[in-house]
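Step one of this worksheet: look at the structure below.
No value in this document is a laboratory result; all are computed from the given coordinates. These numbers come from a predicted model, not from an experiment. For neighbour counting, all protein chains shown are included, and Cβ atoms are generated from backbone atoms with ideal geometry for every residue, glycine included.
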Amino acid sequence: MGTPLAVLIVEDSEDDAELAKRALIGGGYDLTVERVETAEDMNAALDRGPWDVIVSDYSMPRFSAPAALAVLQRRGFDIPFIIVSGTVGDDVAVAAMKAGAHDFIVKGKLARFLPALERELREVKVRVEQKRMREQLLISERMASAGTLAAGVAHEINNPLAVVAANLEFLESALAKVGTEARAALEGAPGGGSHWVPWLEARLTQAQEPLSDARDAVVRIRDIVRDVKLFSGSRDEARGPVDVRAVIESSSRMAWNEIRHRAQLIKEYADVPPVEANEGRLGQVLLNLLVNAAQAIPEGNARKNKIIVTTRLVSGDRVSIEVRDTGSGITPSVLERIFDPFFTTKPIGVGTGLGLSICHRIITDLGGELSVESDLGRGTVFRVVLPVSRGAAVTASSPVENGPARRARILLIDDEVAVCRAIQRVLSRHHDVTATNSGREAISRLVAGERYDVIVSDLMMPEVTGMEIHGELLRQVPEQAGRMVFLTGGAFTPTARDFLDAVPNPRIDKPFEMKNLLAIVAGLL
């Protein structure tokens, strides 16, 4: 197995370049070699890169090593650069080093030149790998920090968003009730007041429209927050049944800003079962594939171009997800290396060359396959194939139907005063609600003998968490522990995730629709 190195040889002598190539391949290197003679050739080769090392003749009739270095510096490339020369002289060596060369080799006799070049390439390889490892660690740290920050921001947004959503729902319901009562009063008024009904209907419509628009905006924000939580929470490596369609929807929303100006997004979903995967990791892969597909298409002609996402069942026990674009396609030489770490055709500062490599590793670790096919000038298709899960899919955002419920006694626990007040306002229309912002007070009430049909509690609170309330109830009043419903803005700690996995109690993610919470309450009754 050779050592992969992409070597760009700047040499006007085709014979010298060929000799170097043959000798290095014979020495066990797996080389990708191109020879350039002019600045135009070099610019074109850099566009086709990337290259691990550049070997340049010092002086040539049409080009030179200093000129090649100038091209690199102007383009912003940081690539190890080795200068070779047939001239023995300190002045040439000093000039080469001042120009910024990595090293200087006197070409002299072939017997001395080739071993020296091979030795230099081995050393370059070690340095390149060390640099890549440092870059990968730095990128991983930045991604982890960004994920933690995003998760924290999403969590903080959830509470005020839950307040807005609950209050809008309450206002819509209250407005409808007032309209019904006013309409009945006008129609039954002595002397007749029915002629005022059209006026009332117009005013109700005027009031309902902005409320409806606001609720639609809240739903959009809720979806964005859930998507951010999904991708930032990928540190959790737990696997289970994952709804492929739901993850595609989240990924496409996250990628929409990249897609919208470049192509139409077409989704062709077959009826497929859940796959065995990690939701966050799969979302990370699909987001990367969608963004790459968009970036393969120039901006400005979105009606003509397409990105097509397809799902289908293959071999009976595996699900295929395809992301197909009508972009420029990928050359065969690039296609061979597309999953290699740090390989990228994007400019410096735009791509790290880690995205597809990480995607390939994620899918492989999940027991699946990631493959690519491309037709130059016509487009590319990436195909993810994953095993079908043997469990049942669970999605937090699945709609819940309302069910009939008797009027019940409910204890509501949330440290956020506004959240508590908003939820209480809606629940109180159907049930008798006692609210508290203190987990300690809740425990005291329950231990002292108060009993409730349902206990709705925030999971993460600063003093006493919902998990601790549940544990205390299990010890002292276990029948009440089974009556708990957990509200969560995101279980980010391992303890919280393990807890939710272990207990059978219902849970609902903030922000939520009140009809879903009412349905859960009805189920417990």
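When each of the peptides 57-63, 455-461 is scored by the mean number of other C-beta atoms lying within 10 Å of its residues, the order from highest to lowest reads 455-461, 57-63. Distance between the 7 Å Cα→Cβ label points at Val417 and Val503: 2.7 nm.
Peptide packing: for 417-426, 302-311, the average count of neighbouring Cβ atoms within 10 Å per residue gives the ranking 417-426, 302-311, highest mean first.
Note on Glu463 and Leu525: with the Förster distance fixed at 30 Å, the Cβ-Cβ geometry gives a FRET efficiency of about 0.50.
Computed from backbone phi with θ = phi - 60° and the Karplus coefficients 6.51, -1.76 and 1.60, the 3J(HN,Hα) list for region 357-364 is 5, 5, 4, 4, 5, 4, 5, 4 Hz; x is used for glycine and proline. Full extension of the segment from Arg378 to Leu186, taken as 0.36 nm per residue of separation minus the current Cα-Cα distance, would add 62.5 nm. For region 449-464, the residues whose amide N sits under 13 Å from a probe point set 7 Å from the Cα of Arg409 along the beta carbon direction are 449-455. A full extension of the chain between Thr495 and Arg48 corresponds to an added length of 156.1 nm, given 0.36 nm per residue minus the alpha carbon distance.
Once C-alpha pairs closer than 8 Å and six or more residues apart are averaged by separation and normalised to the residue number of region 420-525, the relative contact order reads 24 percent.
In this rough spin-label picture, where each label sits 7 Å from Cα along the Cβ direction, the Ala67-Asp317 distance is 6.3 nm. Counting 0.36 nm for each residue step from Arg74 to Glu336 and taking away their Cα separation leaves a gain of 91.5 nm.
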